[in-house]
Structure formats: structure tokens, C-alpha cells
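K.L.:
Structure provided below as C-alpha cells; questions to follow.
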Amino acid sequence: MFEVEPMRAQMLSHGVDKVALIPTMNDPLPETPTGLLSFVRALMCSPAHSLANVLQRTFMKDGNLKLKGKIYEIYSEPDNSQVAAVLRAHPDLFVGWIFLNPRATGDQLQELERWRSEPGYVGVKLHPHWHGWEIPEGEAIFRRCEELGLPVLIHLGFGKRGEWQWIAEKFPKLRMIFAHAGMPHFQRAWTKMRGYPNLSLDLSSPYLDEALARRAVAAVGSERALYGTDAPYGFHAEHDHDLYDYSHIKGWVERLPISSGEIDRVLGVNANELLSL
């Protein structure tokens, strides 16, 4: 959704050395109102957690997103060749995630084998929340990633789309990153994560705010948290709405009440180790 050169300029401006790319999985979306994001965030952190699930279903229609009266398609088979082309052209700037969907029509293990040796690909991205699959449906993918030592970045969902402990118990050597601080589970996952040494979370997305990011790092430890952006969603550059402000969430991390060494871990050291960069 972004052009490389404006991204390069933003990265240089804000001290971001590399960006991990993910194949596009949906039509470009309108900006989500901050008030709605704040309300949903509060629901997910409250005893009324189940109401957040009810609310998010109102934004779904036939597997696609319905926002402001318009339907935005969610792609069942994101195009991994998009990212591969950019990785070949700019290996100094980018790494990439192989996007898989157990409910796609194509053979997903074959898709994994096709791309895993492509220079720059570092692991597998899964999205049971929007792709609508239950965690056990990804068993073959989880198993193969564990065998290969490939980390998995997963956006959990509600109910059976978010049963991460099933994965952690069945595949104890699989390294997993929970996108958006474990959204939609947040603190329900953080305390339990301590029992599983291969689990981490990223601090990306306007699903979070700075206070929630601080709580996440305090709960799981700086060695389990990774800076992330969720670009192009949210936090647009002040003077150009078509650009992403990489400094916004980076500022959350830089202001964490932890040592400079721990901040460095969150900003890059953890990712370098986890992704073998």
C-alpha cells in the first residue's frame, strides 16, 4: 500500500533501519475513528470482553469488512510474490512474512515451501481473526514452522480463533509473536505467557495506546516485547496523510520506564534475535 521511496525517507527520518513487510490482505481502509478504537480497547480490557466480539461481528459481512456502509474485501490468499519482489529489490531495507491461510483454496504447505528459501523472508504470518479459522485448522502449518525453526506472527481472534495455548502446548518449540500485544486478549494472555518461553508480542497498531503498551511490557518483560507499527493503519504523518509516522509507537517504546538497554531490546535486539537477522 506504500511506495518504497517515501517509506525509505520516513525510515531514515525516524531512525528505523528495517521494516518487516506483510502481503496486503485487504482493500485500503478508511481511517478508524479514534473514539471507536478507544471504546473497543476498553471493552477488550474489561470484564465485558465478550461484548467486543459481538461488536466486531457487526463490522463483518460474508467474510469481508463493512465500514461506513461500504464493503472492503479481505483477501483469502494474500499475494506473497508482492513482498518477494520488494525483498529482491531492497534487501537492505526490508524483510518479509509469508502470509498463509488454512482456509485458502491453494495448498498452504506448498505455498510455504515455495517462499521459505526466498532471501529476506523470516517467518509466517497468520490471521485467524479476519480469515475466520479456528486455531486447530492451522495445525499442519504450525508443525512445519516448528520443524523449520520459522517464527509465526499471529493475529489472534475471539473464541476458537484465539486458543493460543493449544498451539503452545502442542508445539513447545514453535516461536510465536502475538500481534498487537495479544489483541483481543491483552492481559488475559500476558500473565499466562510467562509459562511458555517461546512466546513474544509486538506493540503495534492503534488497537493499543501508550498506557496499554506500558502495561504489556511490564507484564511480559522487555525481553518478550517487540516494536512494531501496523503501517499503513493509524498514526499517519502529520504533514502527509499518505505517509506513516514511524515515530509514534517508537516514542511509546522510548518513553518506557525501563533501562536504555531494555529499550534497545524492544526496539530491535529482540527482533534481530528472534528473526535471526
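K.L.:
I want the antiparallel fraction of DSSP beta bridges within the chain, as a percent rounded to 5.
P.N.:
30 percent
K.L.:
Are there trypsin sites (Lys or Arg not before Pro) in segment 138-181 that DSSP puts in a loop and that have at most 14 other Cβ atoms within 10 Å, and which ones?
P.N.:
When the trypsin sites (Lys or Arg not before Pro) of segment 138-181 are filtered for loop state and at most 14 Cβ neighbours within 10 Å, K173 remain.
K.L.:
On the principal axes of its Cα set, how long, how wide and how thick is the chain? Give whole Å, largest value first.
P.N.:
45, 42, 41
K.L.:
While we're on this one: So what's the back-of-envelope 222 nm ellipticity for the chain, counting only DSSP H runs of four-plus at -39500 (n - 2.57) apiece and dividing by all residues, rounded to 500?
P.N.:
Result for the chain, helices only: -10500 deg cm²/dmol.
K.L.:
Moving on to the next point. Using Cα-Cα distances under 8 Å and only pairs 6 or more residues apart, what relative contact order does segment 212-254 have, in percent?
P.N.:
Relative contact order of segment 212-254: 33 percent.
K.L.:
To the nearest 0.05, how large is the calculated FRET efficiency for R8 and L55 if R₀ is 25 Å and r is the Cβ-Cβ distance?
P.N.:
0.10
K.L.:
Also: Could you state the principal axis extents of the C-alpha atoms in segment 1-92, from the largest down, to the nearest angstrom?
P.N.:
If we take the Cα atoms of segment 1-92, the spans are 45, 30, 22 Å.
K.L.:
Could you tell me the relative contact order of the chain? Use alpha-carbon pairs under 8 Å, at least six residues apart, and round to a whole percent.
P.N.:
So the answer I get is 15 percent.
K.L.:
Within a 10 angstrom radius of the beta carbon, how do F142, F178, F39, F235 rank from fewest other beta carbons to most?
P.N.:
The order, fewest Cβ neighbours first, is F39, F235, F142, F178.
K.L.:
Kirkwood hydrodynamic radius, computed over distinct alpha-carbon pairs, for segment 25-155: how many Å, to one decimal?
P.N.:
16.6 Å
K.L.:
How high is the relative contact order of segment 140-277? Use alpha-carbon pairs under 8 Å, at least six apart in sequence, and give a whole percent.
P.N.:
Once normalised by length, the contact order is 19 percent.
K.L.:
Taking segment 212-277, which GluC sites (Glu not before Pro) meet the DSSP loop condition and have no more than 12 other C-beta atoms within 10 Å?
P.N.:
Qualifying residues, ordered by number: E238.
K.L.:
Grab the chain and count how many Lys pairs have their alpha-carbon atoms under 29 Å apart, sequence gap of 8 or more, or different chains.
P.N.:
23
K.L.:
With Cβ to Cβ distances under 15 Å as the rule, what net charge do the other residues near E238 carry (K, R +1; D, E -1)?
P.N.:
Around E238, the surrounding residues sum to -3.
K.L.:
Hey, if you put +1 on the Cβ of every Lys and Arg and -1 on every Asp and Glu Cβ in segment 186-277, which of S247, Y196, P232 ends up farthest toward the positive end of that dipole?
P.N.:
Farthest towards the positive end: Y196.
K.L.:
Please report, in cubic angstrom per residue, the volume enclosed by the convex hull of the alpha-carbon atoms of segment 79-202.
P.N.:
Given the Cα convex hull of segment 79-202, per-residue volume reads 101 Å³.
Laboratory data are not the source of any read-out in this text; all were calculated from the coordinates shown. Just so you know, these numbers come straight off a predicted model, no measurement behind them. Cβ coordinates were reconstructed from backbone atoms using ideal geometry, including for glycine residues, and neighbour counts include every protein chain displayed.
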